[in-house]
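*Asks:* Mind having a look at this structure? Questions to follow.
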Amino acid sequence: MSDAAGVVVHEDDPRNAEPAPGALWDAGAHTPAALFYVRNHGPVPSAGDEPWRLRVDGLVERELDLVVDELRERFAEHEVVATLQCAGARRAELLAVRDIPGEIPWGAGAAGTAAWRGVRLADVLAAAGARDGARHVALEGADTTPRGPFAGSVALADAVRPEVLLAWAMDGAPLEPEHGAPLRAVVPGQIGARSVKWLRRVSVRPEPAESHFQAVAYRLRRPGEAAAPGAGIALGPWPVTCALLRPQDGDRLPAGPVRIAGFALAGGGRAIARVDVSADGGATWRPAELLEDQGAWAWRRFRAVVELAPGPAELVARAWDTAGATQPEHPASVWNPGGYANTAVPRVRVEAT
Ligand SMILES: Nc1nc2c(c(=O)[nH]1)N[C@H]1C(S)=C(S)[C@@H](COP(=O)(O)O)O[C@H]1N2
Ligand SMILES: [Mo]
């Protein structure tokens, strides 16, 4: 990822960076790899000279040990357009409610969309044959972090869904190293942490992975609840959410008609049914126009034109999914000690002159 204008670098080593909201909007319906947010818990592992191997083990009839070329030869290729969004996206708004020490203050840019190409995890698991008692699939990366190897798990029932891929390409190009080359999991509709990069091992288990990143992190705890293994609710499928990308917070704009733009994400395979926007802090609303429909696993971009009188204005957006669910009103209602899953309606303050 080049440090082009419009990229916010939170950490250099390991790299953690996201596009500025406006740059993410300008990039369009798919996010170029160079702009796509990067969330690394440790250094990018080097592939070395040996071909990359994936091991499939645990509660299986047959353990598998495959190089990426064998995956491509043995299983049918599929492509899925999916949005990845970090569970920490828009944590900055939670931090404004109360401090969350040691966590990255991600903005709305910690999300991106691409067409991922690979093989179905379901096909690989079918070749291995899940045994009785199999309930979860642990996905482990080759990177080492201060908390051990990065790993997460997905319920077996979700792991065998057709949209879940072991992917090697992103929008027609081989994965970049920082996005998981040569092989990553892509678990559409779920928090980004389940889309394990540099995938080395798939283990079928009776219980979720014991990794820090499954048992302790990425869980919704009550305010004051300690980060003990198993405490809180394990995050997986996204609840409905949306983000405002243009204008950006603090922008000064000419009064008159102003274009508001962003994206909504339904999560869990549901679709976005409706997005409304407000230019007066939520007192009055109008419908936003939904842009291209890229299927159930991708964001739905939206835009609307509102009339701004001179002075300060608070722009708000709110999405509904096909289950009729909508978003919480305030970040304070969803504040949690890890600063995860801020799905509160986004609010952007601008000044019209
Ligand atoms: N091996 C490994 N996989 C990983 C991570 C990681 O640090 N190591 N980060 C996860 C998190 S928290 C997110 S949000 C996504 C980010 O994917 P990206 O960097 O390609 O955008 O990768 C996930 N997969
Ligand atoms: Mo993440």
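*Asks:* If we sort 144-153, 219-228 on the protection proxy, mean other Cβ atoms within 10 Å, highest first, what's the order? Intermediate values should be presented prior to the final figure.
*Replies:* Details: 144-153: 19.1, 219-228: 13.1.
Result, highest mean Cβ count within 10 Å first: 144-153, 219-228.
*Asks:* Packing-wise, with mean Cβ within 10 Å as the measure, how do 97-104, 210-217, 250-257 rank, highest first?
*Replies:* Packing proxy ranking, top to bottom: 210-217, 97-104, 250-257.
*Asks:* Related question: Hey, how many Å between the Cα centroid of the range 1-51 and the Cα centroid of the range 316-339?
*Replies:* 26
*Asks:* So what is the orientation-averaged projected area of the range 47-124, using the convex hull of its C-alpha atoms, in nm²? Could the numbers behind the result be given before it?
*Replies:* Numbers: hull surface 34.0 nm².
Projected area, direction-averaged: 8.5 nm².
*Asks:* Measuring with a 1.4 Å probe in the full set of protein chains, what accessible area per residue, in whole Å², belongs to the range 52-152? Intermediate results must be reported in sequence, preceding the final value.
*Replies:* Details: 4190 Å² over 101 residues.
That works out to 41 Å² for each residue.
*Asks:* Would you work out what percent of the accessible area of the chain, with all protein chains in place, is carbon or sulfur (probe 1.4 Å)? Don't skip to the end; give the middle numbers.
*Replies:* Values: 7190 of 14330 Å².
Carbon and sulfur atoms account for 50 percent of the accessible area of the chain.
*Asks:* Sticking with this structure for a sec: If you line up the Cα atoms of the range 135-177 on their principal axes, what length do they span on each, largest first, in Å?
*Replies:* Extents along the principal axes: 32, 31, 9 Å.
*Asks:* How are the C-alpha pair distances of the range 102-256 spread across 5 Å bins, as whole percents from the shortest bin up?
*Replies:* Taking every Cα pair in the range 102-256, the percentages come to 2, 8, 15, 19, 19, 15, 9, 6, 3, 2, 1, 0, 0.
*Asks:* Where the centroid of each part is defined by its Cα atoms, how far is the range 257-274 from the range 131-193 in Å?
*Replies:* Cα centres, the range 257-274 to the range 131-193: 25 Å.
*Asks:* So which GluC sites (Glu not before Pro) in the range 4-84 are both in a DSSP loop and have at most 12 other Cβ atoms within 10 Å of their Cβ?
*Replies:* Filter output for the range 4-84: E61, E63.
*Asks:* Per residue, how many Å² of accessible area does the range 154-256 show with a 1.4 Å probe?
*Replies:* Values: 3900 Å² over 103 residues.
Ligands and nucleic acids excluded, the result is 38 Å² per residue.
*Asks:* Something else: From the Cα trace of the chain, what convex hull volume per residue do you get, rounded to a whole Å³?
*Replies:* 129
*Asks:* In addition: P(r) for the range 236-353, please, calculated from all Cα pair distances in 10 Å bins and given in %.
*Replies:* 15, 45, 31, 9, 0
The values are calculated or read from the model by the stated rules, or taken from the named source; none is laboratory data. Everything numeric in this text was worked out from a predicted model, so none of it was measured. Here the Cβ is made from the backbone with ideal geometry for all residues, glycine too, and neighbour counts use every protein chain on show. Remember, those area values only see protein heavy atoms, side chains included, never the ligands or the DNA or RNA. Shrake-Rupley method; radii C 1.70, N 1.55, O 1.52, S 1.80 Å.
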